[in-house]
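The values are calculated or read from the model by the stated rules, or taken from the named source; none is laboratory data. The structure presented is a predicted model; accordingly, all values stated were derived computationally and were not measured. Cβ coordinates were reconstructed from backbone atoms using ideal geometry, including for glycine residues, and neighbour counts include every protein chain displayed.
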Protein chains: 2
Amino acid sequence: MYQCDEKRMEDKIKTFAQFGDAGHGGITRYSLSEEAIQARDEFVRRMQAIGATIETDDLANMYATIPGSDPNAKRIVMGSHCDSVKNGGNYDGILGVMGAMEVLETIVANQIPHKHPLTAVIFTNEEGSEFPPCMMCSGILAHDYMPERFRDNFAYEKMMQSKSILDPEMTFGKKLETFKYKGDIQNRMTPEKYQAMFELHIEQGPILEDAGKDVGVVTCVLGQMLYRVKFYGQAAHAGTFPMKKRHDAFHAAAEALCWLHDEIDQLGHEDLVYTTGEVVIHPCVNTVIPDFFDFSIDVRHENPDVLNQVREILQKLPQKEWKGCRCEVELGWNRDTVYWNKELVGYVREAVEELGYSHMDINSGAGHDAQYISYMLPTTMIFVPSDKGLSHCEPEHTSVKQCTQGASVLLNAVLKCDQKDEA
Amino acid sequence: MYQCDEKRMEDKIKTFAQFGDAGHGGITRYSLSEEAIQARDEFVRRMQAIGATIETDDLANMYATIPGSDPNAKRIVMGSHCDSVKNGGNYDGILGVMGAMEVLETIVANQIPHKHPLTAVIFTNEEGSEFPPCMMCSGILAHDYMPERFRDNFAYEKMMQSKSILDPEMTFGKKLETFKYKGDIQNRMTPEKYQAMFELHIEQGPILEDAGKDVGVVTCVLGQMLYRVKFYGQAAHAGTFPMKKRHDAFHAAAEALCWLHDEIDQLGHEDLVYTTGEVVIHPCVNTVIPDFFDFSIDVRHENPDVLNQVREILQKLPQKEWKGCRCEVELGWNRDTVYWNKELVGYVREAVEELGYSHMDINSGAGHDAQYISYMLPTTMIFVPSDKGLSHCEPEHTSVKQCTQGASVLLNAVLKCDQKDEA
C-alpha cells in the first residue's frame, strides 16, 4: 500500500484557503471569479511542477495528466470542483482536487508504476452559486449520455444563457467567453478517452463522525427533488390597512412552512432530509404588506416511495387556506438515486481495508459532479468526515490527517483500477 | 366656496403617471432618480406657467410660490413628495403635490384674493426607497425643532451617509451633490418664513371607502414602533445533515411569526396594525440550511399603552425556544402619536362642510412629511379615499373626482388660514 503525504496535503489546504478568504475561516469563491482564477493558477503551478500536461476544454474544465506505461490505455480521472457557495468552507469540492493532485504528486515522487494515464480534473461551476444550476459543467459533459428526460436541463445553449444572480446583465456564456481558462472542446472528458472516475469529497454530514469512522465507502447519491412553494397575496400599506382585510404572503408562507414540518415529520422517516433554504419576498419593504413569498424545498431520500409521500404532502398545499393567499407548488427538478459502479466501489473498499482505516458504507445526500459523469463513465466516490457534520458554511472542517487518509484511499483505489485491463 | 378643476387635475394625474411608469399601472420613482427629475421638470413647467417663483434648497426640496397682497406675511405651504416605493402607485405623495399645484393654478386662474404668499412644496426622499430612512428631508428640515431624543435620527451628516440599497458605493449625499435640483440652504422652509403647512394625501387604507365618505379630516398620525426580530441558527448542507440536529433559522422565524400573530391578536385591539414586511435570510441558497433569518415588525396604534402591550410580547421572544436558534429583538425606532394643529384641523372641517362633501375624522396610520414639519409649524392633513384601501402597490387608485374634491378642500382650508392674521 502507498500513502500520501500529510505535510504536502496540509500545505495545499492552507494555500487554497487563501483564494477567496472570506475572513471568518471560510471562503467565497464563485466559479469564473478572480478567486477561481487564483485557485486554478495554483493548480497549474503545482501540476506543471510534476511534469503534468495541462488541458482545458470549452467549459473551462481543467485537466492535468501524467502519462502511463501503456500509450493506448484510457485515462483514469480523479477530481472535483474548486468553486464554493457564498461563505462556504475550505474542503467542499477543493478537497477532491487537492486529493487528486496529491495522488499524482505521490505517484511521481515515488515513481509508482502505472499503466493508464492519470488525470486530475477541476469541474467548472459545481455550486452554481452565481450561475445556476449546480453541477453545470459536469452536466454539460454528460449531456448526451443522460436519460432523455434530464437532457434539456443541461443543454449547452441553455446553460450559456444562465443569468448571474449578482449582475442581471451577465450570463454564464458571456463570462466564460473572456475567462482565462476557457479552452478547446476537443479536450472535453469523453468515454472514448477516459476509463473511470473517482471523486474524493468531504461527507458534509455528521454520520462518519458520529459512527467514529475514518472513511466512507460511498454507494449511491440520494434521490432528490426540488420544489418552489409560492404564495400570492395583496400588497398594501403597513400603517393603514386593517389586519382582518389583509392577504399577507409572508404570514401565509410561515404557517405553511410550520404545517409542512408537522406533516413530513409525521411520516416518521429518520433518514429523510428536507430543507427550505432560499426565499424570495416582494416587495421586501418594512412599510408594505408582502404580496409574494416563495421558498424552495429540497427533499432527499434513497427510496423513491418516500419522496412520493413528501410530494403528496406538497401537492396538498394549494388546496388549503393560507391567510387568503393563493398557493402554487412548482417542481424545479428531481432525480432518482444514482448507484455507483460496483467494481469501483469494490476497489475503494479493498483499498481502505488494506490501509487499515475504519470505514463504513454510506450514501451521499449531496449532489456531486461524479453523479453526472456516472452516466458516461464507471464512477465512484470516497468520503472523509466533516467536523460536526457542518458544510456549506465557514466552520466546515476536516483534519489534515483525515484529508490525507482520503487521498491515500483514492491513490490505492486508482492503482487497483489501473491494474485491471478493463475497469 | 371655490372649487378646483377636474379636467386640469386629470391631466396632471395622467402626466405624472408617466414618470417612472412600471408597466402595470403604477410607478417606480425613487428619489434623485432620472424619473424624479422628469416629475420635477414637469412641476417647474406648470408652476412657471402661472408665474410662480421656483426655489430649491440644499436638500433639493422644491418650492413654487405665488405672492400675496401683504408683502410682510409669511408663506402658507402645501405639498408632499413625488418619490415612490418600488412598484408603487400614482397617488401616494404626488397627489399632495398635484393638489398644491391645482390650488395655485385655481387661485391664479380665478384671481382669488389672498394675503399670504402661497407655496407648493416637493419634499425630497419621503419614501426612503433607495436611501433610508423615510421622510428624510422633512426630517432634516425639522431637525432643530424635534424632541432631542429623535434629533440624531435626522442629523444632516448622518443622512448624507445613507447608503443606497441598489449600489453599495453610492450615498445619498454623493447622489444629491450632482442632482439637477440641489439648491441653496437659504431656501429651506423655516418658521421665520412659513406660517402653516397643509398636506393632502390619499388615505392608503379602506376606512373612508368602507364608511362611504369623500374626505377624511385627519386629526393625528398614529404612534409607531419598528423592531427587527433576528434568529441565529447553524448553516449546514441540505442533503447530508439530519433533521434532528438542525438549527434552521427560517423554521425558527416562521414559528415565531405565527406565535406573534396569535399573541398580538389575543390582545383584541381591532385598530392595531402590525406588519412584517422586510426579510433578510442568509445564505439564501436552496442547498443550505439558513443560519440567519431577520424580519421587520412595524406596529402602529394611537394609544401608547397598546404599543407597550405589543412591546412586551416582542420582548418574550428571546426567552423562548425557537428550533435551537438564538433570538434577538432589536428596536429600530419609535415615535409617539402626533396630533395636528387644532386650528388648522378646524379650517379643514369647515371647508369640507361648506363644500358639502361627506366626511369623517380619521387618524393616519402612515407617516408623512407633515408629521416632522409639525415640530416647527402649525400643520395638518386632508385624506381622500383609496380604492379597496390599497397603497404602496400598483393598483393604488383614487378617482379624479375624489382627488379634485381633496384639492378643493385644501384650497378653501388654505384660504381660511390666509384670512386669519395669525393661523
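Applying the criterion of being aliphatic (A, V, I, L, M) and more than 8 Å from every other protein chain (Cβ to nearest Cβ) to the residues of the range A:247-274, the residue that is surrounded by the most Cβ atoms within 10 Å (Cβ to Cβ) is A:249. The set of residues in the range A:331-344 that are hydrophobic (A, V, I, L, M, F, W, C), in a strand (DSSP E or B) and in contact with a Ser or Thr (Cβ under 8 Å, 6 or more places away or on another chain) contains only A:338. Of the residues B:142, B:155, the single one that is surrounded by 14 or more Cβ atoms within 10 Å (Cβ to Cβ), away from chain A (no Cβ under 14 Å), modelled with pLDDT of 95 or more and out of contact with any strand residue (DSSP E or B) (no Cβ under 8 Å at 6 or more places or on another chain) is B:142. Take the conditions (1) surrounded by 15 or more Cβ atoms within 10 Å (Cβ to Cβ); (2) within 14 Å of chain B (Cβ to nearest Cβ); (3) of a type outside the set (Ser, Thr, Tyr); residue A:331 misses just one of them, which is (1).
Would a scan of the range A:63-78 turn up a residue that is basic (Lys, Arg), at pLDDT below 95 and over 22 Å from residue A:180 (Cβ atoms)? Looking for residues that are basic (Lys, Arg), at pLDDT below 95 and over 22 Å from residue A:180 (Cβ atoms), one finds none in the range A:63-78, hence no. On inspection, residue A:108 qualifies as β-branched (Val, Ile, Thr), assigned by TED's automatic domain parsing to the domain that holds residue A:194 and surrounded by fewer than 18 Cβ atoms within 10 Å (Cβ to Cβ). Among the residues of the range A:197-217, those that are at negative phi, crowded, with 24+ Cβ neighbours inside 10 Å and either of a type outside the set (D, E, K, R) or not assigned by TED's automatic domain parsing to the domain that holds residue A:91 (or both) comprise A:197, A:198, A:200, A:201, A:202, A:205, A:208, A:215, A:216, A:217. Taking the criterion of being surrounded by fewer than 24 Cβ atoms within 10 Å (Cβ to Cβ), at pLDDT 95 or above and not in a strand (DSSP E or B), the only residue of the range B:218-243 that qualifies is B:243. Taking the listed residues A:86, A:12, A:7, the one that is within 23 Å of the chain's Cα centre (by Cα) and over 28 Å from residue A:174 (Cβ atoms) is A:12, with no other qualifying. In this structure, residue A:347 does not qualify as more than 14 Å from chain B (Cβ to nearest Cβ) and either under 17 Å from residue B:240 (Cβ atoms) or in a loop (DSSP other than H, G, I, E, B) (or both).
Restricting attention to the range A:175-189, the residues that are surrounded by 16 or more Cβ atoms within 10 Å (Cβ to Cβ) and not aliphatic (A, V, I, L, M) add up to 7. Only one of the numbered conditions (1) free of Cβ contacts under 8 Å to residues at least 40 places away in the same chain; (2) farther than 30 Å from residue B:385 by Cβ; (3) of a type outside the set (Gly, Ala, Ser) is not met by residue A:260, and that is (1). Just wondering, is there one or more residues in the range A:385-401 that are more than 14 Å from every other protein chain (Cβ to nearest Cβ), closer than 15 Å to residue A:217 by Cβ and not small (Gly, Ala, Ser)? No: the range A:385-401 contains no residue that is more than 14 Å from every other protein chain (Cβ to nearest Cβ), closer than 15 Å to residue A:217 by Cβ and not small (Gly, Ala, Ser). Taken as a whole, the condition of being surrounded by fewer than 24 Cβ atoms within 10 Å (Cβ to Cβ) and closer than 30 Å to residue B:149 by Cα does not apply to residue B:324. Candidates in the range B:275-305 are the residues that are surrounded by 21 or more Cβ atoms within 10 Å (Cβ to Cβ) and more than 7 Å from chain A (Cβ to nearest Cβ); of these, the one that is nearest to residue A:28 (Cα to Cα) is B:293.
Hey, any hits in the range A:269-285 for a residue that's hydroxyl-bearing (Ser, Thr, Tyr) and free of Cβ contacts under 8 Å to residues at least 12 places away in the same chain? For the range A:269-285, residues hydroxyl-bearing (Ser, Thr, Tyr) and free of Cβ contacts under 8 Å to residues at least 12 places away in the same chain: absent.
Of B:27, B:37, B:76, B:54, all but one fail to be more than 22 Å from residue B:378 (Cβ to Cβ) and touching a helix residue (DSSP H, G or I) at 6+ places or on another chain (Cβ under 7 Å); the exception is B:54. Whether any residue in the range B:371-394 is basic (Lys, Arg) and part of a strand (DSSP E or B) is what I want to check. So far as the range B:371-394 goes, no, none of its residues is basic (Lys, Arg) and part of a strand (DSSP E or B). Kindly evaluate residue B:176 against the criterion of being part of a helix (DSSP H, G or I) and either closer than 30 Å to residue A:166 by Cα or among the hydroxyl-bearing types (Ser, Thr, Tyr) (or both). Answer is yes for this residue. Apart from one condition, residue A:73 fits all of (1) among the aliphatic types (A, V, I, L, M); (2) without any contact (Cβ under 8 Å) to a residue 60 or more places away in the chain; (3) in contact with a Pro (Cβ under 7 Å, 6 or more places away or on another chain); the exception is (2).
Considering only residues in the range B:196-246 that are small (Gly, Ala, Ser) and under 30 Å from residue A:221 (Cα atoms), the one that is farthest from the other protein chains (Cβ to nearest Cβ) turns out to be B:233.
Kindly indicate whether any position in the range A:352-364 is part of a loop (DSSP other than H, G, I, E, B), of a type in the set (Ser, Thr, Tyr) and within 25 Å of residue A:121 (Cβ to Cβ). Checked against the condition, which is being part of a loop (DSSP other than H, G, I, E, B), of a type in the set (Ser, Thr, Tyr) and within 25 Å of residue A:121 (Cβ to Cβ), the range A:352-364 yields at least one hit. Taking each residue of the range B:378-390 that is in the same structural domain as residue B:190 (by TED's automatic domain parsing) and without any contact (Cβ under 8 Å) to a residue 24 or more places away in the chain and looking for partners that are among the charged types (D, E, K, R) and not in a loop (DSSP other than H, G, I, E, B) with beta-carbon atoms closer than 9 Å, six or more apart or interchain, yields nothing.
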